[in-house]
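Below is one structure, written out as structure tokens, with a few remarks after it.
Laboratory data are not the source of any read-out in this text; all were calculated from the coordinates shown. None of the values given here were measured: they were computed from a predicted structure. Neighbour counts are summed over all protein chains in view; Cβ atoms, including those assigned to glycine, are modelled from backbone coordinates with ideal geometry.
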Amino acid sequence: MIPVITIDGPSGTGKGSLMQLLAQRLGWHALDSGALYRALAWAALRRGVDLADAPALAELTRDLLLAFRDGRVWLDGEDISDAIRTEEVGMAASRVAAHPQVRAALLDWQRAWARPPGLVADGRDMGTVVFPEAQLKIFLDADPKVRAERRYRQLKEKGLSASLRQLILDIQARDARDRTRSSAPLCPAQDAIVIDSSQMSIPEVFERVLAEVRRVL
Ligand code: C5P
């Protein structure tokens, strides 16, 4: 069986950085499933597809030529890596992701990422729905205020304007939608190891998770 490590949790906990570090260290594939929902939302916004129209969105998933290459995200031959990282697209992704029909349409595509020598997958439902048989499941959590402050610093470093108050509200709204939706709500798998990263740096989280990796692999 192909080994899989899943990393789930809300946005701003450092899931993405942890996934990249682990995939690099192990030499495994890396799946950023959030980028998939963001790419779909971005395409829907651009093509004027109603974010509430589940059948149209599911149809759109079958239409899209999406590729992850060299750490970049390509849609129909266009590099959309930066365009999908805005708060607007994140919020739209969370709306799109609430439709069971859309999630079902993306399931096989995500599972196809489990290829030798192994996969590290990050998202909201990697351990609960997409890879329930994963060898190691991590659920990374952190205080919403800490997550908003991290995001605020990232935006400032990029020279972008941001309001901390608004970021906290956005994070709370997105969390609420992700945690309460009926299809694949954000929650730790029963066999997940829950880590609160509020007071931890990325290298500290990485070391903690590496210890778990050594234990199971
Ligand atoms: O992780 P990221 O912030 O890029 O994800 C954007 C949105 O996509 C999340 O708020 C969530 O609603 C959705 N998502 C999901 N399931 C995943 C990954 C992301 O529902 N596995």
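Counting only lysines at least 8 places from K158 when in the same chain, those with an alpha carbon closer than 26 Å to its own are K15, K145. Using the alpha-carbon positions of the chain, Rg (one decimal) and Dmax (whole number) come out as 16.6, 48 Å. Around the amide H of A30, modelled in the peptide plane, lie the amide H atoms of V120, all under 5 Å away and 5 or more residues distant in sequence or on another chain. Note on K156 and W109: their simple-model spin labels are 3.6 nm apart, each label 7 Å out from Cα toward Cβ.
Considering only C-alpha atoms, what is the centroid distance from the stretch 128-160 to the stretch 191-211, in Å? Centre-to-centre (Cα) distance: 12 Å. Computed extension length for R69-I202: 45.5 nm, one decimal, from 0.36 nm per residue of separation with the Cα-Cα distance subtracted. In percent, rounded to a whole number, the relative contact order of the stretch 4-215 is 33, using alpha-carbon pairs under 8 Å and six or more apart.
Rounded to the nearest 5, the antiparallel percentage of DSSP beta bridges internal to the stretch 4-215 is 25%.
Here L164 and D76 are evaluated by their C-beta separation; at R0 = 30 Å the FRET efficiency comes out at 0.25.
Here the sum of -39500 (n - 2.57) over DSSP H runs of 4 or more residues, divided by the residues of the chain, equals -15500 deg cm²/dmol at 222 nm, to the nearest 500. Taking amide H atoms as placed 1.01 Å from N in the peptide plane, the amide H of I193 lies under 5 Å from those of K137, I138, F139, each 5 or more residues away in sequence or on another chain.
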